[in-house]
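Chemist: Next up is a structure, given as structure tokens.
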Amino acid sequence: MVTIKDIAKIAGVSHTTVSRALNDSPLIKSATRQKIQTIAEELHYVPNVNARSLVNQKNYMIGLFFSSIRQGTSSNFLVDTITEIHSVLEEQYTLSVQGIDEIEHLEQINFQRYDGILVMSQSDSDQAFIMELKKQDLPFVVVNRDLNDTQITNVVADDKKGVQSAIEYGLSLGHRAIGYIGGRADFRSANERRAAVIETLEKKQVKIIPDFFVSGDYSLASGFQQMAVLLSQEERPTLVFCANDDMAIGAMRALHAQGLQIPDAISLIGFDDAPLTAYLEPPLTTVHKPLKKMTKIGIELLLGAIAGQPDLQKKVEIPTHLVKRQSVKNLNQ
């Protein structure tokens, strides 16, 4: 195994100089740094993370906690979050992923194994875990759920305005019978999006039909099942807003199963703007939630806190926007 001393011997410098050069220290001249890094590459040098962690007093472990991995978290949400984190993390870091709902005893968590923790919070039930984090001498950032806590670094998207823009768009095209397929009742996002739909309809003085409001669990299957419920009613909505894209895709499948065309029979709008939605038939109108941007900002703030940088911003809110495609019919024509 190639060591720093091997590189130092070939380069004709001290092992301290090699260590500094491999860590891009400004104390080392550019030419020397380049020479050392070239030698390291030629020798296929692999840094000893365990040794480095002893020097830096770091574990090189980041904890990533979702409200739940088993239910309510779409594969797109999970993959995009992890992929974006890895695009920012240095190679020596390890990412540990866990669902908060799998934790039975908070006091048994070894928080000291982490350099920092990123919480992708979807549910109010995460609060006990977040309160436990506040007791620890450990940097952490909460992404996705608005905490209204000035002591916690929080990165969120403006979901409410995204929902409002979606409903207002449907109304502008002549839709007055509006349906809604919601997510898990214990997820903050489901309740906020439902409230935003109702608030927008009330503001526009559009009749709210309770039978048109049903709840799924953010899964494809629940979108299919709840659209089937809406289709079984004598009176049907002309437009259905789904609280996430997975349920919208399931709802599409239910419509196709009954031989109904979108948007001629029923118009659909989703939420998230998953990559697949642009390639559906028809392409799905949806609210773009900047998950990747939120995650990137969150992990950058966390790494800054780990490095001892001062908190420059405790609360970051990123706008959402409506992506108009072909799944909504214009009833005004």
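The values are calculated or read from the model by the stated rules, or taken from the named source; none is laboratory data. Just so we're clear, the structure is a prediction, and the values are computed from it rather than from any experiment. Counting neighbours? That spans all protein chains shown, and the Cβs are built from the backbone with ideal geometry, glycine included. For the accessible areas, the whole protein counts, side chains as well, though only heavy atoms, and no ligand, DNA or RNA atoms are used. Shrake-Rupley method; radii C 1.70, N 1.55, O 1.52, S 1.80 Å.
Chemist: Any idea what angle helix 159-172 forms with the longest principal axis of the chain, computed on alpha-carbon atoms, 0 to 90 degrees, nearest 10?
Modeler: Computed tilt is about 30 degrees.
Chemist: Can you tell which of Val88, Val155, Val240 shows the greatest fluctuation in a Gaussian network model of the chain with Cα springs below 10 Å?
Modeler: Evaluated over the chain, the most mobile residue of the options is Val88.
Chemist: With a Förster radius of 35 Å, plug the Cβ-Cβ distance of Glu41 and Ser96 into 1/(1 + (r/R0)^6) and report the FRET value to the nearest 0.05.
Modeler: E between Glu41 and Ser96, to the nearest 0.05, is 0.75.
Chemist: Still on this structure: State, to one decimal in nm², a quarter of the convex hull surface area for the C-alpha atoms of the chain, i.e. the direction-averaged projected area.
Modeler: Result: 21.3 nm².
Chemist: Please report, in whole Å³, the volume per residue of the convex hull around the C-alpha atoms of region 139-243.
Modeler: Considering the Cα atoms of region 139-243, their hull volume per residue is 107 Å³.
Chemist: For Ala195, project a label point 7 Å along Cα to C-beta. Then give me every residue of region 89-127 with its amide nitrogen under 13 Å of that point.
Modeler: 124
Chemist: Next question. What residues have an amide H closer than 5 Å to that of Ile318, excluding those fewer than 5 places away on the same chain, when H is modeled at 1.01 Å from N in the peptide plane?
Modeler: Val156, Ala157, Asp158
Chemist: Right, here's the next one. For region 197-293, what D do you get in µm² per second when you plug the Kirkwood radius from alpha-carbon pairs into Stokes-Einstein at 25 °C and 0.890 mPa s? Before the final figure, lay out the partial values.
Modeler: Values: Rh = 13.8 Å.
Translational diffusion coefficient: 178 µm²/s.
Chemist: Take region 62-182, drop everything but the C-alpha atoms, weight them equally and run the Debye formula without solvent; then report log10 I(q)/I(0) at 0.16, 0.22 Å⁻¹ to two decimals.
Modeler: So the normalised log intensities work out to -0.85, -1.38.
Chemist: What ranking do 99-108, 130-139, 214-223 get when scored by the average of other Cβ atoms within 10 Å per residue, highest first?
Modeler: 214-223, 130-139, 99-108
Chemist: What distance in nm lies between label points placed 7 Å from Cα along the C-beta direction at Thr16 and Ala221?
Modeler: Computed distance between label sites Thr16 and Ala221 equals 6.3 nm.
Chemist: With the chain treated as a Gaussian network of Cα nodes joined by springs under 10 Å, which of Ser19, Ser121, Ser232 yields the largest mean-square fluctuation?
Modeler: Largest GNM mean-square fluctuation: Ser19.
Chemist: Next question. Compute the Cα gyration tensor for region 263-328, then decide on rounded, prolate or oblate, letting a ≥ b ≥ c be the square roots of its eigenvalues: rounded whenever a/c is under 1.5, prolate when a/b is larger than b/c in the other cases, and oblate in all that remain.
Modeler: The shape class here is prolate.
Chemist: Heavy atoms only, 1.4 Å probe, whole protein assembly: order Arg70, Arg325 by accessible area, highest first.
Modeler: Arg70, Arg325
Chemist: In addition: So for each of 2-9, 287-294, 201-208 I average, over its residues, the number of other beta carbons within 10 Å; can you give me the resulting order with the highest mean first?
Modeler: Highest-to-lowest ranking by the protection proxy: 287-294, 2-9, 201-208.
Chemist: Which of Gly250, Gly183, Gly259 moves the most in a Gaussian network model of the chain with Cα springs under 10 Å?
Modeler: Highest fluctuation of the listed residues: Gly259.
Chemist: Still on this structure, I have one more. Calculate how steeply helix 291-306 sits against the longest principal axis of the alpha-carbon atoms of the chain, using the helix alpha-carbon long axis, and give the answer as 0 to 90 degrees to the nearest 10.
Modeler: 30
Chemist: I would also like to ask the following. Take the alpha carbon atoms of region 146-192, find their center, do the same for region 260-326, and report the distance between the two centers in whole angstrom.
Modeler: Between the Cα centres of region 146-192 and region 260-326 lies a distance of 12 Å.
Chemist: For helix 30-42, what angle does its Cα long axis make with the longest principal axis of the chain, in degrees from 0 to 90 and rounded to 10?
Modeler: For 30-42 against the chain, the angle is about 80 degrees.
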